[in-house]
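The values are calculated or read from the model by the stated rules, or taken from the named source; none is laboratory data. It should be emphasised that the depicted structure is a prediction, and the values quoted were computed from it without experimental measurement. Here the Cβ is made from the backbone with ideal geometry for all residues, glycine too, and neighbour counts use every protein chain on show. Please note that ligands, DNA and RNA were not included when accessible areas were found on the heavy atoms of the full protein model with its side chains. Shrake-Rupley method; radii C 1.70, N 1.55, O 1.52, S 1.80 Å.
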Amino acid sequence: MMNMSNSLVWFRRDLRAFDHAALHRALTSSNRVYCVFVYDSDILDRLPRDDRRVRFIHASLASLDAELRRLGGFLIVRQGRPLEVIPALATELGVDAVLVCTDYEPDAVERDARMKDRLGADGRTFQSCKDQVIFEQDEVLTLAKGPFSVFTPYKNAWLKRLAAMPETLAAYPVDPYAQAFAPPPGPPALPSLADIGFEAGEPPLPAGMEGAEELFERFVSHMADYGRARDFPAEDGTSRLSTHLRFGTTSIRHLVRTARQMAENGAGGAGAPVWLSELIWRDFYSMILARNPQLVTQSFKPAFDVLAWESGDEAEELFAAWCEGRTGYPLVDAAMAQLNRTGFMHNRLRMVTASFLTKDLGIDWRRGERYFALKLNDYELASNNGGWQWAASTGCDAQPWFRIFNPVAQSQRFDAHGEFIREWVPALERLSSKEIHAPWLVDTGVLADKGVVLGRDYPMPVVDHDVARKRTLERFAVVKKASS
Ligand SMILES: Cc1cc2nc3c(=O)[nH]c(=O)nc-3n(C[C@H](O)[C@H](O)[C@H](O)COP(=O)(O)OP(=O)(O)OC[C@H]3O[C@@H](n4cnc5c(N)ncnc54)[C@H](O)[C@@H]3O)c2cc1C
């Protein structure tokens with residue numbers, strides 16, 4: 001490896017100071033290492049001033065700076081366009097190289113290519129290290145050396161490759177090489193939320209490396225039950241680590257290593273392999289998007305782009321009802337309330353609400369995908385796009401178009417006692433476990449005794465599921481041939 005004298009590690013979605021590929025490479029090959037994070041003004045300008053993710057990033061940067069300082073370094077924080085800020089900072093610091101952890105999103109790939117050119121013109125190198133995934137888009141291939149488009153064979157090949165190359169999970173240590181950090185010029189001076197133009201406020205979940213570890217430790221204690229508990233939104237059955245994975249406050253290698261060990265030594269029971277499988281879905285969707293950047297706007301199966309989605313005033317009203325959680329279907333409304341108020345939505349409910357928008361309301365998956373992008377704390381283009389195209393049946397290995405979730409049956413099955421609905425739709429609090437899934441089927445007198453008048457306290461259903469189902473089957477008939 002080239003011996004660089006000074007280097008700059010540019011943090012993006014890798015906000016931690018342990019097991020960090022770019023930091024490790026910089027520290028082991030440079031005399032002096034600087035660290036920077038740039039609040040990208042092009043992204044920030046589009047966000048609401050109380051954006052929860054900005055609060056999460058802000059709190060995570062404080063944690064990152066504190067850890068870097070403990071190690072002898074510090075974090076430089078700037079605001080602006082990275083393509084201007086990074087080359088200027090590289091000149092100011094006199095570094096020979098800028099190192100990053102690879103970002104696979106199409107916009108990021110384009111930005112990084114331009115960054116490489118710009119730094120190259122100044123005589124500097126730009127080095128990108130795999131860090132965010134276990135295997136990149138060209139590392140897990142079919143026997144014919146092509147890409148997979150179905151998850152299960154991909155997962156089997158992924159597991160086989162990992163078994164053959166266990167060193168893939170080795171950590172990239174930082175501590176032993178800390179003497180290469182450029183020392184801090186003074187006490188911590190990170191910008192406040194107000195300094196970057198945002199309202200002050202708490203992050204939506206414990207942030208930073210400590211926040212991630214706290215959640216992981218809690219999850220590890222009940223990982224064994226994950227296979228069963230993961231489908232029930234009223235239970236604390238999943239890890240809630242998605243936001244940490246999104247911003248890299250935890251390391252995917254650390255999580256996979258632990259899940260594998262727990263699967264092997266039995267401590268993770270039946271849950272550990274199921275959870276590992278979810279982490280593989282993340283690599284799968286990252287691979288799919290990296291290989292198919294057109295998916296940002298197009299269906300994975302091009303034949304599905306001929307679908308005529310609903311439009312016009314009525315569709316707009318239905319879309320607004322979905323966004324605001326007033327569809328009259330309690331589980332859908334509870335899920336949207338959870339999303340709108342917290343920025344999180346349980347996986348089962350992402351499937352239910354995405355299916356409802358596309359199959360019950362006939363609205364283009366791209367609109368739902370954009371709404372989730374605006375609201376989710378863990379918003380991640382590859383997984384969000386993959387999840388939406390799965391639900392809309394337009395994606396790779398998607399839900400078949402003729403299989404349409406029944407929102408009432410989903411509610412009866414996954415929130416049988418209505419606990420989740422009661423938490424998020426208090427108007428229905430007094431309804432029994434039987435009544436709560438479809439209030440319009442309950443006698444109006446019984447409802448009134450429980451304080452509910454439909455249309456006043458809680459909406460009538462905006463569509464009839466059976467009618468909507470038939471309309472969806474007709475809509476998808478145009479692609480029947482292409483997909484069979
Ligand atoms: C319509 C739709 C949209 C989605 N949008 C996103 C998104 O923007 N960002 C996101 O991280 N996940 C997304 N998912 C996947 C999944 O819902 C979330 O990762 C999960 O709910 C996060 O909760 P958790 O961390 O407790 O997950 P756990 O059940 O504990 O899973 C562990 C981790 O595995 C990964 N994972 C789990 N399920 C999936 C999956 N189906 N696809 C890819 N990775 C997965 C996540 O990184 C998650 O944190 C979406 C799913 C659907 C159906």
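Below are the figures for this structure:
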| read-out | value |
| --- | --- |
| Qualifying position, being over 18 Å from residue 382 (Cβ atoms), open to solvent by 60 Å² or more (accessible area, probe 1.4 Å) and in contact (Cβ under 8 Å) with a residue 12 or more places away in the chain, among 270, 212, 263, 234 | 270 |
| Any hit, segment 180-194, residues being of a type in the set (Gly, Ala, Ser), assigned to a loop (DSSP other than H, G, I, E, B), crowded, with 18+ Cβ neighbours inside 10 Å and touching a Ser or Thr at 6+ places or on another chain (Cβ under 9 Å) | no |
| Test: residue 188 is of a type outside the set (Ser, Thr, Tyr) and modelled with pLDDT of 95 or more | no |
| Elements of type helices (runs of 4 or more DSSP H) contained in segment 41-136, each with 3 or more residues being loosely packed, with under 15 Cβ neighbours inside 10 Å and not hydroxyl-bearing (Ser, Thr, Tyr) | 82-93, 106-121 |
| Filter result for the condition that a residue is open to solvent by 50 Å² or more (accessible area, probe 1.4 Å), at pLDDT below 95 and either in the same structural domain as residue 334 (by TED's automatic domain parsing) or within 31 Å of the chain's Cα centre (by Cα) (or both), over 448, 482 | 482 |
| Evaluation of residue 30 against (1) more than 27 Å from residue 295 (Cα to Cα); (2) among the polar types (S, T, N, Q); (3) without any contact (Cβ under 8 Å) to a residue 40 or more places away in the chain; (4) surrounded by 18 or more Cβ atoms within 10 Å (Cβ to Cβ) (one fails), failing number | (3) |
| Residue ID - farthest from the ligand (Cβ to nearest atom), chosen from residues in segment 324-338 that are surrounded by 23 or more Cβ atoms within 10 Å (Cβ to Cβ) and under 26 Å from residue 57 (Cβ atoms) | 336 |
| Test: residue 247 is in contact with a Lys or Arg (Cβ under 6 Å, 6 or more places away or on another chain), open to solvent by 10 Å² or more (accessible area, probe 1.4 Å) and more than 9 Å from the ligand (Cβ to nearest atom) | yes |
